[in-house]
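The values are calculated or read from the model by the stated rules, or taken from the named source; none is laboratory data. Predicted, not measured: the structure shown is a model, and the values here were computed from it. So basically every Cβ, Gly included, is an ideal-geometry build from the backbone, and we count neighbours across all protein chains shown. SASA here: full protein model, heavy atoms, side chains in, ligands and nucleic acids out. Shrake-Rupley method; radii C 1.70, N 1.55, O 1.52, S 1.80 Å.
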Amino acid sequence: MSAFKMTCVCGDTMTVDAADRAGAVAQFKGMMDEKGIAAHMKEKHPGKPVISVADCHAMIEKQVVAA
Ligand SMILES: [Zn+2]
C-alpha cells in the first residue's frame, strides 16, 4: 500500500492508502459522492456553487499524486 493525496483548490488535502493510483482515485471518488461534495463545499467553500459529481471526479483524476 502507498499513500496518495489530492489537494482541492481550497488548499484542503485528503490522503488515502491504496495499492496504486487507480485505487486511490476510486477511493477518493467513493468519498466525494453528492453528500461528500456538499459537506466539503459547505465547510470549505461557503457561498460557492456546489460542483457536480462529474466535475469533482474529473478533478480527482487530475489531482491525485503519490504522497
Ligand atoms: Zn475544497
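Things to note:
- Residues of the range 1-48 classified as among the acidic types (D, E), open to solvent by 50 Å² or more (accessible area, probe 1.4 Å) and within 13 Å of the ligand (Cβ to nearest atom), total: 1
- Among residues of the range 49-67, those that are of a type in the set (S, T, Y) and either surrounded by 14 or more Cβ atoms within 10 Å (Cβ to Cβ) or in a helix (DSSP H, G or I) (or both), counted: 0
- Within the range 50-63, the set of residues being more than 13 Å from the ligand (Cβ to nearest atom) and either farther than 28 Å from M1 by Cα or in contact with a Lys or Arg (Cβ under 7 Å, 6 or more places away or on another chain) (or both) comprises S52, H57.
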